[in-house]
Amino acid sequence: MTQSDICIAGAGIIGLSLALELRARGLSVIVLDSGAPMQEASTAAAGMLAADDPHNPPELFALSHLSRSLYPSFLDRVRDLGGIAVPFQTHRTLQALAGNRASTLPQELQTELLVKDSDAVVDPGSGFTFLREHSIDPRQLAPALIEAIASTSIRTLYNSPVITTGYGAGRVTVRTSATTIQADHFVDCTGAWAGSSETDTAFLAIPIKGQMLALTLPADLQLKTTLRAADIYIVPRTLGPGKGRAIVGATVEDAGFDKTVEPAAIESLRQRAISLVPGLAHATIADTWAGLRPGTPDRLPIIGPHPTRSHHWFATGHYRNGILLAPATARVMADLILGQSPTASLESFSPSRYTLSLAIGVQ
Ligand SMILES: Cc1cc2nc3c(=O)[nH]c(=O)nc-3n(C[C@H](O)[C@H](O)[C@H](O)COP(=O)(O)OP(=O)(O)OC[C@H]3O[C@@H](n4cnc5c(N)ncnc54)[C@H](O)[C@@H]3O)c2cc1C
């Protein structure tokens, strides 16, 4: 029987960020994953830190802005521990204003952004605006985060799905096929899988499939700004192994746990990207993939205590913003577990808004 202060299920960005935060606050932590770390939504993501996306639910504003402010120190911590720096890839986003369904970027913006990449001021009449917004490459973050975890005393058990959890004598018992762990607290960070093996009808997370592609940009297309319009975004990679590519996404599909990449969906995304930026017609497809966003019925995260089980917590349901929200989620979850007032209001994210039993596994 392994003992730990904290047992976290799920080694995506949410689980690993929380593990680092709790370890920094002096707690012993063990992280379990049914597969390898950072192999699911957290590496499928485009990596936009879109705190000011006008399409975000208003309830996300405070947590998003807290997370954005924590990002530099989060990346510093990851680098200081594991030795791998994760740079911001982009520093601004050209955002289509709400209601702007334009499928083509106005010519003057194409010239400014794609050729000169200057700090152009956008005419509000164009239906676009600039946001001061960063992006990261999740495929750079993944090895950096894994190295950071490995450099600490955090224990990891991969290829070990949590099968059951139970509570007794003031401790949570967590069973995998190979081992049993006793911990003071259990945190469900299993993303799209949270609650999926319940026997009752409570279905905590809803997998929302997103298909994406990476384009290798032609040499004459100097794209350094993220573009986000209705139903399409283009996120350039400017540093590291992905340099010279742009990520184009993404479909939003209710398709269960299916992660099949469909050529027709990829071509539709590519055509929409070309329509927005005609110069992309000369870009070649470098990669395609699909990932599962952890959705919830109200599209808000689930952060807080299990409604009926003691010492059992949730940090999941981050849907389209889990990369952005990871540092703040780690901060507020650690506050909650340690009995401190969380830095941001979590009222809208309470698990108790769902009534039935929500834990992963069967008791
Ligand atoms: C196409 C796409 C584009 C996106 N773009 C962005 C973006 O630009 N910006 C942004 O902020 N967010 C974006 N997101 C959303 C973001 O990727 C997610 O919100 C975030 O990665 C969720 O992290 P997570 O750790 O909760 O989940 P995951 O990364 O999916 O990790 C969950 C982990 O739990 C493990 N697990 C499952 N069941 C069990 C079990 N029983 N026991 C133990 N472990 C288990 C899984 O193996 C997995 O490793 C995007 C997502 C997709 C799919």
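Screening Ser275 against (1) under 22 Å from Gln95 (Cβ atoms); (2) buried (at least 17 other Cβ atoms within 10 Å of the Cβ) leaves a single unmet condition, (2). Within the range 145-195, the residues that satisfy the criterion of being under 19 Å from the mean Cα position of the chain (by Cα) and surrounded by fewer than 22 Cβ atoms within 10 Å (Cβ to Cβ) are Ile146, Glu147. Do the conditions hold for Gly210, that is, is it closer than 30 Å to Trp313 by Cα, outside any loop (DSSP other than H, G, I, E, B) and among the small types (Gly, Ala, Ser)? Yes: the conditions hold for Gly210. Of all the numbered requirements in (1) more than 30 Å from Ser268 (Cα to Cα); (2) open to solvent by 60 Å² or more (accessible area, probe 1.4 Å); (3) touching a helix residue (DSSP H, G or I) at 6+ places or on another chain (Cβ under 6 Å), Ser69 misses one, and that requirement is (3). Output yes when any residue across the range 323-345 is modelled with pLDDT of 95 or more, over 27 Å from Leu221 (Cα atoms) and of a type in the set (Ser, Thr, Tyr), and no when none is. Scanning the range 323-345, I find at least one residue that is modelled with pLDDT of 95 or more, over 27 Å from Leu221 (Cα atoms) and of a type in the set (Ser, Thr, Tyr), so the answer is yes.
Condition check ((1) touching a residue at least 24 places away in the same chain (Cβ under 8 Å); (2) away from the ligand (no atom under 11 Å from the Cβ); (3) in the same structural domain as His312 (by TED's automatic domain parsing)) across all residues:
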residue	(1), (2), (3)
Ser177	no, no, yes
Gly191	yes, no, yes
Ala214	yes, yes, no
Arg270	yes, yes, no
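Report yes if some residue within the range 217-239 is closer than 27 Å to Ala19 by Cβ, away from the ligand (no atom under 14 Å from the Cβ) and outside the structural domain of Phe314 (by TED's automatic domain parsing); otherwise report no. Yes, the range 217-239 has at least one match.
State which residue is nearest to Thr329 (Cα to Cα) when the search covers only the range 10-65 and only residues that are assigned to a helix (DSSP H, G or I), more than 14 Å from the ligand (Cβ to nearest atom) and open to solvent by 10 Å² or more (accessible area, probe 1.4 Å). If we take residues in the range 10-65 being assigned to a helix (DSSP H, G or I), more than 14 Å from the ligand (Cβ to nearest atom) and open to solvent by 10 Å² or more (accessible area, probe 1.4 Å), then Ala62 is nearest to Thr329 (Cα to Cα).
Quick grid of which residues meet (1) part of a loop (DSSP other than H, G, I, E, B); (2) open to solvent by less than 40 Å² (accessible area, probe 1.4 Å); (3) modelled with pLDDT under 80:
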{"position": "Ser73", "(1), (2), (3)": "no, no, no"}
{"position": "Asp80", "(1), (2), (3)": "no, no, no"}
{"position": "Ala85", "(1), (2), (3)": "yes, no, no"}
{"position": "Gln95", "(1), (2), (3)": "no, yes, no"}
{"position": "Leu105", "(1), (2), (3)": "yes, yes, no"}
{"position": "Gln110", "(1), (2), (3)": "no, yes, yes"}
{"position": "Leu113", "(1), (2), (3)": "no, yes, yes"}
{"position": "Asp119", "(1), (2), (3)": "yes, no, yes"}
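The values are calculated or read from the model by the stated rules, or taken from the named source; none is laboratory data. These numbers come from a predicted model, not from an experiment. All Cβ positions, even for glycine, are placed from backbone atoms using ideal geometry, and neighbour counts span all protein chains on display. To get the accessible areas, we keep the full protein, side chains included, count just its heavy atoms, and leave off ligands, DNA and RNA. Shrake-Rupley method; radii C 1.70, N 1.55, O 1.52, S 1.80 Å.
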